[in-house]
Amino acid sequence: MVKRREDAAQQALADIRWLIQGTEQTNLAAEPTMDDSETYLDGPTIIALLEKNFAKLDPNNDGISREEIMVALMNPQAFSPEEYEVLRLVTKYFDTIINLSEDEDGGETKISRYDMLVLEQFLVHSNMTLKELHDWCAMSKAPGGAGEDTIGPPPLSGT
């Protein structure tokens with residue numbers, strides 16, 4: 001039991017370093033993961049696991065903050081390997097997810113249930129990955145890139 005906790009803590013620390021520094025992580029738990037731009041989870045699974053854990057991640061019911069995600073990442077034993085993979089993805093693409101809808105006054109800082117519903121539209125109904133969604137959203141914000149008036153609809157993937 002002690003060894004398992006130690007491994008979980010090491011995995012959480014490696015994940016936090018990877019998220020902050022972008023460095024390659026070591027996978028002590030030997031759970032299936034892909035490189036940092038992909039995941040073995042599909043869109044419907046990501047949404048289902050995020051919905052299942054939303055209340056756990058947002059105990060004060062005001063949206064999931066960065067701090068709440070970091071607390072969850074530091075407690076990997078509280079989540080299944082798939083749920084923990086969703087935490088990693090949500091952390092990596094946090095800014096993309098919070099900006100999917102403008103539902104906060106004074107700037108977007110938390111993932112709301114409405115953000116999750118919009119995310120579901122992209123991941124489930126448009127068959128996009130989080131990386132594709134992130135890249136598409138970044139196109140309109142890039143200096144010299146397409147502006148809001150010229151950016152088209154999201155790309156269709158998987159078809």
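Can you work out the Karplus-derived ³J(HN,Hα) for every residue in region 81-88? Use 6.51 cos²θ - 1.76 cosθ + 1.60 with θ = phi - 60°, whole Hz, and x for glycine or proline.
x, 5, 5, 5, 4, 4, 4, 4
Near Lys110, which lysines are there with a Cα under 19 Å away, not counting those fewer than 8 places off in the same chain?
Cα-Cα hits under 19 Å: Lys52, Lys56, Lys92.
Every number here is computed from the coordinates shown, using simple stated rules; none is lab data. The structure displayed is predicted, hence computed values, not measured ones.
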